[in-house]
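Report on the following structure.
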Amino acid sequence: MHEKVDVLIIGSGASGAAVAWSLADTRMRILCLEQGDWVKSSDYPSNGRDWEARLFSDFAVNPNRRARPTDYPINDANSPIKVVNFNGVGGSTIMYTAHFPRLHPSDFKVRTLDGVAEDWPIDYATLEPFFAENDRMMGVSGLSGDPAYPPKQPPMPPLPLGKSGTRFGQAMNQLGWHWWPSDSTIATTDYEGRGRCINLGHCTPGCAQGAKASTDITYWPLAIRAGVELRTMCRVREITVDANGMASGVIYYDAEGREHFQPAEVVILACNGVGTPRLMLNSVSAKFPNGIANSSGLVGKNLMFHPYALNYGYVDEPLDGNRGPPLCLWSQEFYETDPGRDFVRGYTFQFGRGVGAIIEAIVSSQAGRLPWGEEHHSAYRKLVNRRIGLSAICEDLPEEHNRVTLDPVLKDSSGIPAPKIDYTISANSHKMMQHGIARAREVLTAAGASNICVESPILNGGWHLLGTARMGTDPERSVVNPWGRCHDVKNLFIVDGSIWVTSGGVNPTSTIQALALYIADSIKQRLADLFD
Amino acid sequence: MPDLDLTAEQARDLRALAGAIIPPSAAYAVPGADDERIFADILRSLERDRDDICRALTHLAALSGGAFADLEPARRTEVAAAFREAGGAPLAALVRVVLLCYYRDDRVMISLGLEPRPPFPKGHVVEQGDWSLLDPVRARPRMYRLVD
């Protein structure tokens, strides 16, 4: 039995780190339990000659493939999009591209504006100061003046255009379409102890230089210095409740498999849109026979991914390939609803600089572009470092049949039931993806590319895990209230992507963290009557 | 040369198949994937794909009616083509391991104009580009919808 803490946070990723840092100034006793471990920068693949190969082993994006002892399996057989994540201090910020757009003002009002799904109970203006604070904490590079967003001021200049970005910029200008340097959490100047980007080019599976912001090197050092305890290699099995139906703590297993009970006054879940509903559904009691805080029946439902439609082609000269951060530009040309289209809502284009030599060989072989035999060499030389591509990140609307449940058979190495994903791509999303594919083809053609190829949806493209414990004012239609507190359990909070009402069409990390800071601030404002 | 997880027959077939996928090229001055050093790397790198690769090699032997490595060159080409045509996850795993070892070999990388080194710590240079390209976008009116 451990000493009781004031606040117990489960998960040390994007949102867990932000809420821990923000709450630290209350001087409460705060503990975070993380199922993974610290990852040293010297462990990242870009330190070694096997840097691309490790994308297929211990740094694979898919946890079923990666299968580290710190990972849990996911039954994703009934989904055309597979869940990708990382388990360790920093969570999936270790394994992301650092593309850092915010949701737009319209994303919070989809029912009012477009008559679909539901409005969020908060708005862009409410989150704006927390976006700015998070940009400063994570260290965002970018360029002010984007007409697709309300004014904002990234603290560092943008990533370089390079040869690939220049081609795309020229193509988009030719078409008369919007494009802009992406907000990115890759430091372009020395920033708060982090070295500037030196174009290792292999950003997604961790940055050996430390230029990419993952929360193990941004929020956590400050939170720990302020007194927060971070306990690693602790896999939580369930949230326990007392006789009054309040959360009393959690049961977890340590690295040696020993069971512990950790009591707490307040429990905060930050385990992402799959891990959080999994833990809630595993937390069964007489008071909550269907999982904790699940009187609405919505825990695990309304899973949203963002289907990705990828187009790429090949040009007649070497470009940047893998020699720089992979994403440097976005376009919001097709983001807002257009009544002239056959779908509602929209998508972001994110532009890719290129891929490495081995990835090019493997993908081209699978696609049948790369012959076996003597012709292999000449064919490959027309492909390597000549690829440019762009993806449409499509808004996924909430549908209850897209869900996370507990697999009746599959368990993790601690014997805890694993999550099962049931997911289909909606008709609206399909139409949106087809629109994105057609427009991307125009962009690639304008950029001088030929041999245009499509991967839609990207199979291992379930980076964004949203909507499975959504926020709202009605306890029958939502799991948490407008400031992240569970309707059913007044000392249980959720701060990760689970609480999203709709998904927007952008990478979500910026908004997830802004929401976590907003919820932390809401808790601090209400400390005297937090459970009323 | 270590054979690690494969039988001697399987290793011999895998090496012959690797050479059929990527043969040496005098024109580009590169070895084939059956080169001793590259093939040793392949054998060391089976790890998560070992079971799939064993399944693929069993299929290859069945298509060959025995050892693939013992076939005459013309017959090898025919069988390799049929093997590729059949597809499947085991084949994909086998080809992936061959490619990821071949394209990190120093001699191959140099022939492609790539530096045989890890990305860190030297990194790369990416040109800044001409930001005046953004001028037409800067001139656009507000695109986001107002909600109030």
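The values are calculated or read from the model by the stated rules, or taken from the named source; none is laboratory data. Please read all numbers here as calculations on a predicted model, not as lab measurements. Counting neighbours? That spans all protein chains shown, and the Cβs are built from the backbone with ideal geometry, glycine included.
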message: If the requirement is being in a loop (DSSP other than H, G, I, E, B) and at pLDDT 95 or above, which of these qualifies: A:SER46, A:SER12, A:SER22, A:SER42?
response: A:SER12
message: Consider region A:490-532. How many of its residues are under 25 Å from A:ASP25 (Cβ atoms) and not in a helix (DSSP H, G or I)?
response: 11
- prompt: Taking the condition of a type in the set (A, V, I, L, M), at the interface with chain A (Cβ under 7 Å from one of its Cβ atoms) and in a helix (DSSP H, G or I), does B:VAL137 pass?
  reply: yes
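So that you can scan it fast, the table gives a plain yes or no per residue for (1) buried (at least 24 other Cβ atoms within 10 Å of the Cβ); (2) among the aliphatic types (A, V, I, L, M); (3) part of a helix (DSSP H, G or I):
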residue: A:HIS178; (1), (2), (3): no, no, no
residue: A:ARG196; (1), (2), (3): no, no, no
residue: A:THR204; (1), (2), (3): no, no, no
residue: A:CYS207; (1), (2), (3): yes, no, no
residue: A:PRO221; (1), (2), (3): no, no, yes
residue: A:ILE224; (1), (2), (3): no, yes, yes
residue: A:GLY227; (1), (2), (3): no, no, no
- prompt: Out of the residues in region A:62-81 that are surrounded by 20 or more Cβ atoms within 10 Å (Cβ to Cβ) and within 14 Å of chain B (Cβ to nearest Cβ), which is nearest to A:GLY13 (Cα to Cα)?
  reply: A:ASP71
query: Can you tell me which residues in region A:198-223 are touching a Gly at 6+ places or on another chain (Cβ under 8 Å) and within 10 Å of chain B (Cβ to nearest Cβ)?
result: A:ILE198, A:ASN199, A:LEU200, A:GLY201, A:HIS202, A:GLN209, A:ALA211
statement: Over region B:51-81, the set of residues within 12 Å of another protein chain (Cβ to nearest Cβ) and either in contact with a strand residue (DSSP E or B) (Cβ under 6 Å, 6 or more places away or on another chain) or within 30 Å of A:PHE59 (Cα to Cα) (or both) is B:ASP52
query: Can we say A:PRO147 is in a loop (DSSP other than H, G, I, E, B) and crowded, with 18+ Cβ neighbours inside 10 Å?
result: no
task: Give me a count of the residues in region A:23-35 that are among the polar types (S, T, N, Q) and surrounded by fewer than 24 Cβ atoms within 10 Å (Cβ to Cβ).
output: 1
Selection from region A:106-137 of residues that are touching a residue at least 60 places away in the same chain (Cβ under 8 Å) and acidic (Asp, Glu): A:ASP107, A:ASP114, A:GLU118, A:ASP119, A:GLU133, A:ASP135
message: It is to be established whether one or more residues within region A:433-451 are of a type outside the set (Phe, Trp, Tyr), touching a Leu at 6+ places or on another chain (Cβ under 9 Å), surrounded by 24 or more Cβ atoms within 10 Å (Cβ to Cβ) and more than 30 Å from A:VAL315 (Cα to Cα).
response: no
Residue list for region A:108-151, restricted to those being out of contact with any strand residue (DSSP E or B) (no Cβ under 9 Å at 6 or more places or on another chain), within 10 Å of chain B (Cβ to nearest Cβ) and of a type in the set (Phe, Trp, Tyr): A:PHE108, A:TYR124
task: Evaluate the following for B:ARG55: is it of a type in the set (Lys, Arg), modelled with pLDDT of 95 or more and within 19 Å of A:HIS376 (Cα to Cα)?
output: no
statement: A:MET95 vs (1) under 30 Å from A:ALA148 (Cα atoms); (2) within 14 Å of chain B (Cβ to nearest Cβ): all pass except (2)
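The rows are residues; the columns are (1) in contact with a strand residue (DSSP E or B) (Cβ under 6 Å, 6 or more places away or on another chain); (2) hydrophobic (A, V, I, L, M, F, W, C).
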residue	(1), (2)
A:LEU200	no, yes
A:THR204	no, no
A:ALA223	no, yes
A:TYR252	yes, no
query: Taking region B:111-143 as the region of interest, how many residues are in contact with a strand residue (DSSP E or B) (Cβ under 9 Å, 6 or more places away or on another chain) and under 22 Å from B:ASP35 (Cβ atoms)?
result: 2
task: Return only the number of the condition from (1) without any contact (Cβ under 8 Å) to a residue 40 or more places away in the chain; (2) at the interface with chain A (Cβ under 9 Å from one of its Cβ atoms); (3) aliphatic (A, V, I, L, M); (4) part of a helix (DSSP H, G or I) that B:LEU146 does not satisfy.
output: (4)
message: Among the residues that make up region B:42-56, is at least one of them part of a loop (DSSP other than H, G, I, E, B) and closer than 30 Å to A:PRO147 by Cα?
response: no
message: Just to verify a result, which residue in region A:358-370, among those that are crowded, with 23+ Cβ neighbours inside 10 Å and facing chain B (nearest Cβ under 8 Å), is farthest from A:LEU319 (Cα to Cα)?
response: A:ILE362
message: Can you tell me how many residues within region B:82-122 are at the interface with chain A (Cβ under 7 Å from one of its Cβ atoms), part of a loop (DSSP other than H, G, I, E, B) and in contact (Cβ under 8 Å) with a residue 24 or more places away in the chain?
response: 1
query: Taking region A:371-409 only, how many residues are in contact with a helix residue (DSSP H, G or I) (Cβ under 9 Å, 6 or more places away or on another chain), within 14 Å of another protein chain (Cβ to nearest Cβ) and among the hydroxyl-bearing types (Ser, Thr, Tyr)?
result: 1
From A:VAL274, A:VAL236, residue being of a type outside the set (Asp, Glu), at pLDDT 95 or above, surrounded by 23 or more Cβ atoms within 10 Å (Cβ to Cβ) and in a strand (DSSP E or B): A:VAL236
